[in-house]
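Worksheet: the structure to be examined is printed underneath.
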Amino acid sequence: MLTGQDQVWLNEVIDKISTKMDWVSEKSKYKIPFTTINGTHDNRIVDNPSGTVTDEINWWTNGFWGGMMWLMYHETGNEKYREIAQISEKELDRCFEEFYGLHHDVGFMWLPTSVANYKVTQNPESRKRALHAANLLAGRFNLAGGFIRAWNDIDHTDTRGWAIIDCMFNIPLLYWASEETGDPRFKQIAMKHADTGMTAFVRQDGSVNHIVEFDPFDGGIVRTYGGQGYEEGSSWTRGQTWALYGYMMSYMHTHKDDYLQTAKRIANYFIANIPADGVIPVDFRQPKEPKREDDTAAAIAACGLIEIAKVVGEHEKNLYLEAALKLLRTLDSTRSDWTTNDDCIIKYGSGSYHSANHHHAIIYGDYYFMEAIFKLKGNDLYLW
Ligand code: GLY
């Protein structure tokens, strides 16, 4: 339950989001941003005259800008947001033509764009794109191991048996496809992947592996990798949140209680590890120095915690809601840019523990912060 003070704060943040998105959306109308460079959004729509496949238009975050526009359209009814969302959705058609750049992240790309458009406008072209993407995702299912293959081979590394926890955010595309077509195959694959993940990824203490390698022929587990976290056996915070909110989303689509219990177990672990200042590190098991932080994990966790709070009993609700509020208030008060100096809202994201750059804007930090704030208001357009 939000207090009167929470409500005042929430209304102020919504005003700030509306003011910021009003001018940023115009400025970046023809872009698909990933980050900001010297305060200005970069652009993942690049012409590729050489004809070789690049990662730019296939980049896994390219759905979030459209998703932000749909959230704003839902909040304000302003047609300009719908128009901008549809521009970026159309640009993504090139990914289907190129094909080779696509992997399991088709959910991240087409849920906040085409599925959103179809939910809001019933556009048949968007439905077609989203079903196409769902079929590509279903085609990555490994029957022996019961998992969806993550990436394509990386620099000659054989990844046929690799699954990653992030995929919990892609499988809602499969739930949607079954809900939309009445064909249970998609949902069966999604649930099998989620079931495999509960034992292969989620540890007893509620922490989560990033990458699990299966034998692609017999399905046995070969090993785990630290992936974007500090090291094998560590606890990459964004991965914890892909699992936390991811299992909650599987529960929301299926009502299978195991998924809710798993989401709660991960959430309890996450809450117990939130530092006193509310700032989330890149990995809960990283060394104290150097300081490496990732606000995107805070924003994603807040979304999942709010959804858990909606379905648990009164005696538990506040645990999840208060943790979400702490994360969101921290993001708003010390981790955001509400000026016209920078196109981003959330300033301090990190791609992975060992990457060269830290504490920069990443588009999904803004997306999930907005989603969480609109959830608190009770007016989110559920895109997953
Ligand atoms: N899904 C990749 C990441 O979270 O960086």
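A few points about this structure:
- Any hit, region 367-382, residues being within 15 Å of the ligand (Cβ to nearest atom) and either in a strand (DSSP E or B) or surrounded by 24 or more Cβ atoms within 10 Å (Cβ to Cβ) (or both): yes
- Verdict on ILE148 being under 30 Å from ARG223 (Cβ atoms) and within 20 Å of the chain's Cα centre (by Cα): yes
- Qualifying residue in region 85-92 (condition: in contact with a His (Cβ under 8 Å, 6 or more places away or on another chain) and modelled with pLDDT of 95 or more): no
- Listed here are the helices (runs of 4 or more DSSP H) enclosed by region 15-119 that have at least 1 residues being touching a Cys at 6+ places or on another chain (Cβ under 8 Å) and within 16 Å of the ligand (Cβ to nearest atom): 106-110.
- If only residues of region 334-350 that are farther than 21 Å from LYS31 by Cα and assigned to a loop (DSSP other than H, G, I, E, B) are counted, the one that is nearest to the ligand (Cβ to nearest atom) is SER350.
- Tally, over region 134-168, of residues that are more than 16 Å from the ligand (Cβ to nearest atom), surrounded by 24 or more Cβ atoms within 10 Å (Cβ to Cβ) and assigned to a helix (DSSP H, G or I): 1
- Any hit, region 197-211, residues being in a helix (DSSP H, G or I), crowded, with 24+ Cβ neighbours inside 10 Å and either in contact with a Leu (Cβ under 7 Å, 6 or more places away or on another chain) or not polar (S, T, N, Q) (or both): yes
- Check on GLY304, modelled with pLDDT of 95 or more, within 15 Å of the ligand (Cβ to nearest atom), in contact with a helix residue (DSSP H, G or I) (Cβ under 7 Å, 6 or more places away or on another chain) and of a type outside the set (Val, Ile, Thr): yes
- Among the conditions (1) more than 16 Å from the ligand (Cβ to nearest atom); (2) crowded, with 18+ Cβ neighbours inside 10 Å; (3) farther than 14 Å from ASP166 by Cα, GLY220 misses just one, which is (2).
- Hits in region 108-144 (condition: in contact with a strand residue (DSSP E or B) (Cβ under 8 Å, 6 or more places away or on another chain) and either among the aromatic types (Phe, Trp, Tyr) or free of Cβ contacts under 8 Å to residues at least 24 places away in the same chain (or both)): PHE141
The values are calculated or read from the model by the stated rules, or taken from the named source; none is laboratory data. Model, not experiment: these values are computed from the prediction. Glycine also receives a Cβ, built like all others from the backbone with ideal geometry; neighbour counts cover every protein chain displayed.
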